[in-house]
1. Filter segment 192-221 down to the residues that are open to solvent by 50 Å² or more (accessible area, probe 1.4 Å), among the hydroxyl-bearing types (Ser, Thr, Tyr) and in a strand (DSSP E or B) and list them by number.
2. Limited to segment 54-90, what total is found for residues that are hydroxyl-bearing (Ser, Thr, Tyr) and either within 20 Å of Arg33 (Cα to Cα) or at pLDDT 85 or above (or both)?
3. Can you find, within segment 34-59, the residue that is nearest to the chain's Cα centre (by Cα) among those that are in a helix (DSSP H, G or I) and aliphatic (A, V, I, L, M)?
4. For segment 186-231, what are the residues that are of a type outside the set (Ser, Thr, Tyr) and more than 31 Å from the chain's Cα centre (by Cα)?
5. Please find, within segment 248-269, the residue that is modelled with the highest pLDDT out of those that are surrounded by 14 or more Cβ atoms within 10 Å (Cβ to Cβ) and within 28 Å of Val187 (Cβ to Cβ).
6. Somewhere in segment 91-99, is a residue hydrophobic (A, V, I, L, M, F, W, C), out of contact with any Cys (no Cβ under 9 Å at 6 or more places or on another chain), at pLDDT 70 or above and open to solvent by less than 70 Å² (accessible area, probe 1.4 Å)?
7. Quick one: in segment 270-294, of everything that is modelled with pLDDT under 80 and exposed (fewer than 13 other Cβ atoms within 10 Å of the Cβ), which residue is farthest from the chain's Cα centre (by Cα)?
Amino acid sequence: MPQRPSDRTSFVHAQDKLAFLLSLVPYLLDRDRVSVNEAARHFDVSEEQVREAVRLIAVSGVPGETAQYQHGDLFDIAWDDFEDSDEIQITHRVALDDSPRFSAREAAALIAGLQYLQALPETLDSAVLSSLMAKLSRGSSEAPSQVAVAPSEASDSLLVIRSAVAAGTQIEFDYVSSRGDREHRIVDPLRIDSNNEDWYLRGWCHTRQGIRTFRLDRMADLTQTDAPNTYSPGDLSLPDSLFDGSGETQGVVLEVLPAAIGLLGEYLAEGEPQVSRGALTQVTVRVAHIHGLKRLVASLPGVVRVVGPPDARRAVHDWAATALAAYDD
């Protein structure tokens, strides 16, 4: 039997009321206290509609273990504030509290990641990220630890490079290699990547006529030019690994605890076997210069030991001995 017009109108009104309730509940849960007027303006409804919905929320919930609605199975609000001051505050919530929640450590890790994103030039002072961090703090099972992420020192370089990528123009800079050599480069910027606190540019180097990876903190006198790129992002295939093996590199064998292999990151040489030596594992890393090996060992004190080749062992030993001698002086 077809529905009468009044039946269809009632059905539409019921759908609207249900949609309003489903939107109102998380809105109230996300705020400690809201006035009826504020909620009405937010949802573009009358204040009386908000009051009616709040009264309906207060008799809503989920059946408990007894399969009946007991007092603890229903939402509750601060009735005195609602009736005397027209303010809404949910004092007891149900159902949503039964859903999985982030632990304090999980929330802290996510907040740290959001702070890292917020430190980037294009998302600096983003209100959306600040709001999301506040929600994570309130929604975790316990108060997350306070974390802080320092802004990147490469922010100015990032702005220039991203501007060049957007405009499709080349950049010029002086680059100091891992060997300490300084050389002027002209590059088509293709992609920016990060590894912990280090930022890298991948691009087509006109000086070397090939794809190269550059660390932003080794760039100097970076400028954006008006010359159009020869290649654009997507024209060339970029490897997943940040490690640039296009130049001359040296293989170095290290001994490391198996649990710490992941700390070697981009230094690990692809395709090289990992050999167990008792409680330790021998791995091969590739470095462009011995200075890079010193930097790696210094970042993982007591975690890695250089096995070979002999000149690499000797260079790290002499470097460490010189550092210790400076403390003696």
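The values are calculated or read from the model by the stated rules, or taken from the named source; none is laboratory data. Being a predicted model, the structure only gives us computed values, none of them experimental. Reconstructed Cβ throughout: ideal geometry from the backbone, glycine too, with neighbour counts over all protein chains shown. Keep in mind that these areas ignore ligands, DNA and RNA; they rest on the heavy atoms of the full protein, side chains included. Shrake-Rupley method; radii C 1.70, N 1.55, O 1.52, S 1.80 Å.
1. Once the filter is applied, which keeps residues that are open to solvent by 50 Å² or more (accessible area, probe 1.4 Å), among the hydroxyl-bearing types (Ser, Thr, Tyr) and in a strand (DSSP E or B), segment 192-221 yields only Ser194.
2. Summing the residues that are hydroxyl-bearing (Ser, Thr, Tyr) and either within 20 Å of Arg33 (Cα to Cα) or at pLDDT 85 or above (or both) in segment 54-90 gives 2.
3. Only one residue tops the list, namely Ala39.
4. His206, Arg208, Gln209, Asp226, Ala227, Pro228
5. So, considering only residues that are surrounded by 14 or more Cβ atoms within 10 Å (Cβ to Cβ) and within 28 Å of Val187 (Cβ to Cβ), the one modelled with the highest pLDDT is Leu264.
6. Among the residues of segment 91-99, not one is hydrophobic (A, V, I, L, M, F, W, C), out of contact with any Cys (no Cβ under 9 Å at 6 or more places or on another chain), at pLDDT 70 or above and open to solvent by less than 70 Å² (accessible area, probe 1.4 Å), which makes the answer no.
7. The residue in question is Pro273.
To keep it simple, each residue is scored yes or no on (1) part of a helix (DSSP H, G or I); (2) surrounded by 15 or more Cβ atoms within 10 Å (Cβ to Cβ); (3) at pLDDT below 65.
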| position | (1), (2), (3) |
| --- | --- |
| Ser141 | no, no, yes |
| Asp156 | yes, no, no |
| Ile161 | yes, yes, no |
| Ala166 | yes, no, no |
| Gln170 | no, yes, no |
| Tyr175 | no, yes, no |
